[in-house]
Amino acid sequence: MKGVIAARCDARIADLSHHVPPFDVWAGAWFLRAVVPYWPAGTIFVAVVDPGVGTTRRILAVERDGRTFLGPDNGLLSLVAAPPAVSVENDAFFLPGGSTTFHGRDRFAPAAAAIAGGTPLHELGPRADSMVMLDYEAPSYDGAATVGTIVVIDRFGNLITDIETARLPFARFAARAGAHTIARLALAYGEGGDGPFLITGSTGCVEISVANASAAALLQLSRGDRVTVVPA
């Protein structure tokens, strides 16, 4: 993919991650949500978590807040973009003789290079007024409790929720998840002491953590489990 892009434009290429688990569209979508705000207008995000490669699933290009997103229409873009989009179908922008198994190289990369070179999105294909959206319910911050979801378990076993600490209507809080209630707060992982504690992670969201151990393993919680945050 890098070679195809570099052969067609002078855009700087930065790798954001190669560690999204295979086939895990949700993990890729949440990763994009977490990193996109740190990139400037004019950035082109080429996102390929694409278990449907080679099928009738569409490739979408969409602009939002000055950034351009290119990805499969499988929910991957649904936390960072919304319709209208463009269905990338103009094969003049694809590699000739491309495969059905590596659209990242044969379709996404040359389309991204064309966009970087100034090609307007409408030349890539027809308008798309719908996108596949993930089945996701965002937290509500009204009322005495905020209910969210464990959306990521990182490689350290931290349970990262989608509950943004800055939006909570109370300064001190506890969290209920599964059969557990966690009421201890820490500002840094090294201050957590023994047992589970709550911390605001780098995404600005509430995490359930255990110092030098896996909170996921200790508490037997999984991605998708619900978390209720209440005043402490």
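The values are calculated or read from the model by the stated rules, or taken from the named source; none is laboratory data. Note that the coordinates shown come from a computational prediction; the quantities given were computed from them, not determined experimentally. Because the Cβ atoms are built from the backbone with ideal geometry, glycine has one as well, and the counts that use them run over all protein chains shown. When the accessible area is computed, the model is the full protein with side chains, heavy atoms only, and any ligands, DNA or RNA have been set aside. Shrake-Rupley method; radii C 1.70, N 1.55, O 1.52, S 1.80 Å.
Worth a mention:
- Look at where the Cα atoms of the stretch 204-219 and of the stretch 29-64 average out, and the two centres are 28 Å apart.
- Solvent-accessible area, 1.4 Å probe, carbon plus sulfur percent, for the chain: 53
- Helix-only CD estimate at 222 nm, as mean residue ellipticity for the chain, using -39500 (n - 2.57) per DSSP H run (n ≥ 4): -3000 deg cm²/dmol
- Backbone phi angles across the stretch 190-200, fed through the Karplus curve with coefficients 6.51, -1.76 and 1.60 (θ = phi - 60°), yield HN-Hα couplings of x, 9, x, x, 8, x, x, 8, 9, 8, 8 Hz in residue order; Gly and Pro are listed as x.
- Rg over Rh for the stretch 1-47 works out to 0.99, using Cα positions for both radii and the Kirkwood form for Rh.
- Within the stretch 28-93, percent of DSSP bridges classed antiparallel, to nearest 5: 75
- Counted over the stretch 97-232, the DSSP beta bridges are approximately 95% antiparallel.
- For the stretch 62-68, the Karplus equation 6.51 cos²θ - 1.76 cosθ + 1.60, evaluated at θ = phi - 60°, returns couplings of 8, 9, 8, 6, x, 9, 10 Hz by residue, with Gly and Pro reported as x.
- Where the stretch 118-232 is the region considered: accessible area per residue in Å², 1.4 Å probe: 53
- 5 angstrom amide H check on Leu76, placed H, neighbours 5+ away: none
- Computed over the chain, the ratio Rg/Rh where both radii use C-alpha atoms and Rh is Kirkwood: 1.04
- The stretch 1-70 - accessible surface per residue (Å², probe 1.4 Å): 58
- Of all DSSP bridge pairs formed entirely within the chain, close to 90 percent run antiparallel.
- Annotation note: trypsin sites (Lys or Arg not before Pro) in the stretch 1-93 located in DSSP loop regions with a Cβ neighbour count of at most 14 within 10 Å are Arg12.
- Cα gyration tensor shape for the stretch 127-169, rounded if a/c is under 1.5, else prolate or oblate: oblate
- Over the stretch 68-195, equivalent-ellipsoid semi-axes from the Cα gyration tensor in Å: 43, 18, 13
- Summed over all non-identical Cα pairs, the Kirkwood treatment of the stretch 8-109 gives a radius of 14.1 Å.
- Gain on full stretching of the segment that runs from Ala82 to Ser202 - 0.36 nm per residue minus C-alpha separation: 40.7 nm
- Other residues whose C-beta falls under 14 angstrom from the C-beta of Phe173 contribute a net charge of +2, scoring Lys and Arg +1 and Asp and Glu -1.
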